[in-house]
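Step one of this worksheet: look at the structure below.
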Amino acid sequence: MDTQRYDRPLDRRSALGVLSSLLFGLPALRSGSLLHAADVPWLEQAVRGPHTVPDANRGYFEPLLVDSRGKTIDTLAAWKTRRQALREAWYRFLGPMPQQRPPVKLTVLKEDQDAGCVRQLVEYESEPGQLVQAYLLSPLEPNSKRLPALVGLHQTSKHSIDEIAGLKGIESQRIGPKLARRGFVVFCPRNYLWQDVESYQAAVARFKQRHPNTLGMHKMLYDSIRGVDVLESLPHVDEKRIGCVGHSLGGKEALYLAAFDDRIQATVASELGIGFSYTNWHAPWYLGASINDEGFKLNHHQLVALIAPKPFLLLAGEAGSRSVSDGDRSWPYLQASHAICKLYPQPVRIGMHNHGEGHTISDATFERLALWLETYLS
């Protein structure tokens, strides 16, 4: 399996901080000899983490900066070799998906401007021969410059994309139009569990007919990657300023998309349940039961490491209860990547905000989410 096909070299222009300060009046931060765009004002708090971390079942939690011979990794070159080995191990576990992705061709099914943005229901080919629907949201009056863009990934909901696109469902989850009104192009693809099927089990069975050796999570990853393909194809999108955002199920997809598609430059994942034991990762539409095997040697701190050093924010909702997906116990998955971030010239920008408001995105939390994306895709 070709594990290079989702990669694109990162654009690290040292003048980014100066440009940001000129355009937005924001101070540039210096790290080593390079200038950087201004950070969110609460970055230090986000990357410091909680004072105490509760005990939790985290499974296999291998050191990241140790190579296959047991030697400590202390150079960026050695880490990149280790990073590639981790990617390959995860791809072997997830199973194969089509290496040749179809060209992007969008068919607009309907359009409105009722939510203060241009909202188009579109259809396109995701896998070869498999049509998928999504909402494409754009600002009403885009300026002449190309815009930052997001793959917006919906939560588990009977309304699927209608909720994140602002048409139905919980008000706090209608984040697509809010982000479009703030200047983003937002592409919201329908998860395969709601693609013309009556149950999750039926969706898995249909997928397994096409790909018997592939996990459902790779299907979700593949479809999210196709979302990036769509955004890159749009003339009003700046392909160097693409990020992703998602809540719950969508947060799971955002973690994987940021880890495996190097085109993603900034991410917010809300209440995904980053630990295998925190939510139902063992379900057949995600990773399956083998993650509970005694000898299983993959874990999600490795995926956060693949994201490093790009900005990644985990939103957690825990406040004295473990009924939500993430909380202070989630911190080690993020902290493990900080030593890797320090091999790069950028500041550490992998952090967590535990708002303590439960499994939701309140107005105040949305402001943090939006500011993170505005800052790091500026």
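The values are calculated or read from the model by the stated rules, or taken from the named source; none is laboratory data. Predicted model, so just to flag it, every value in this text is computed and none were measured. For neighbour counting, all protein chains shown are included, and Cβ atoms are generated from backbone atoms with ideal geometry for every residue, glycine included.
Matching residues to (1) of a type outside the set (D, E, K, R); (2) farther than 13 Å from Gly273 by Cβ; (3) at pLDDT 95 or above:
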{"residue": "Gly288", "(1), (2), (3)": "yes, yes, yes"}
{"residue": "Leu298", "(1), (2), (3)": "yes, yes, yes"}
{"residue": "Leu306", "(1), (2), (3)": "yes, yes, yes"}
{"residue": "Glu318", "(1), (2), (3)": "no, no, no"}
{"residue": "Asp326", "(1), (2), (3)": "no, no, yes"}
{"residue": "Ala336", "(1), (2), (3)": "yes, yes, yes"}
{"residue": "Met352", "(1), (2), (3)": "yes, yes, yes"}
{"residue": "Gly358", "(1), (2), (3)": "yes, yes, no"}
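Scanning the stretch 145-158 for residues that are in a loop (DSSP other than H, G, I, E, B) and either touching a helix residue (DSSP H, G or I) at 6+ places or on another chain (Cβ under 9 Å) or aliphatic (A, V, I, L, M) (or both) yields His154, Gln155, Thr156, Ser157, Lys158. For the stretch 88-144, a residue qualifies if it is in a loop (DSSP other than H, G, I, E, B), crowded, with 19+ Cβ neighbours inside 10 Å and touching a strand residue (DSSP E or B) at 6+ places or on another chain (Cβ under 7 Å), and exactly one does: Ser126.
Here is the figure for the stretch 38-76: residues that are farther than 27 Å from Arg329 by Cβ and hydrophobic (A, V, I, L, M, F, W, C) total 2. For the stretch 66-83, check the following and say yes or no: at least one residue is among the β-branched types (Val, Ile, Thr) and in a helix (DSSP H, G or I). Yes - at least one qualifying residue is present in the stretch 66-83.
The residue that is surrounded by the fewest Cβ atoms within 10 Å (Cβ to Cβ), counting only those in the stretch 305-353 that are closer than 19 Å to Asn57 by Cα and among the aromatic types (Phe, Trp, Tyr), is Trp331. Can you pull out every residue in the stretch 323-358 that is of a type in the set (Asp, Glu) and more than 18 Å from the chain's Cα centre (by Cα)? Answer for the stretch 323-358, where residues must be of a type in the set (Asp, Glu) and more than 18 Å from the chain's Cα centre (by Cα): Asp328, Glu357.
In this structure, does Glu357 turn out to be in a helix (DSSP H, G or I), charged (D, E, K, R) and without any contact (Cβ under 8 Å) to a residue 60 or more places away in the chain? So Glu357 does not fit the description; no.
Every residue, every condition in (1) surrounded by fewer than 21 Cβ atoms within 10 Å (Cβ to Cβ); (2) among the acidic types (Asp, Glu); (3) more than 16 Å from the chain's Cα centre (by Cα); (4) in a helix (DSSP H, G or I), yes or no:
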site	(1), (2), (3), (4)
Val197	yes, no, yes, no
Leu231	no, no, no, yes
Lys252	no, no, no, yes
Leu257	no, no, no, yes
Asp262	yes, yes, no, no
Leu272	no, no, no, no
Ser277	yes, no, yes, no
Leu287	no, no, yes, no
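Consider the stretch 155-164 and keep the residues that are in contact (Cβ under 8 Å) with a residue 60 or more places away in the chain and either farther than 18 Å from Ile242 by Cβ or not assigned by TED's automatic domain parsing to the domain that holds Trp194 (or both). The one that is surrounded by the fewest Cβ atoms within 10 Å (Cβ to Cβ) is Thr156. Against the conditions (1) under 24 Å from Ala258 (Cβ atoms); (2) among the aliphatic types (A, V, I, L, M); (3) buried (at least 17 other Cβ atoms within 10 Å of the Cβ), Ala85 satisfies every one except (3). Pairs linking a residue in the stretch 48-74 that is under 21 Å from Phe312 (Cβ atoms) and at pLDDT 90 or above to a residue that is in a helix (DSSP H, G or I) and among the basic types (Lys, Arg), with Cβ atoms under 8 Å and 6 or more positions apart or on different chains, are Val53/Arg329; Leu64/Arg82; Leu65/Arg82; Ile73/Arg82.
Taking first residues from the stretch 292-304 that are touching a residue at least 12 places away in the same chain (Cβ under 8 Å) and partners that are among the hydroxyl-bearing types (Ser, Thr, Tyr) and part of a loop (DSSP other than H, G, I, E, B), the Cβ contacts under 9 Å between residues at least 6 apart in sequence or on separate chains come to Asn292/Ser277; Phe296/Tyr60; Lys297/Tyr60; Leu298/Tyr60; Asn299/Tyr60; His301/Ser337; Val304/Ser337.
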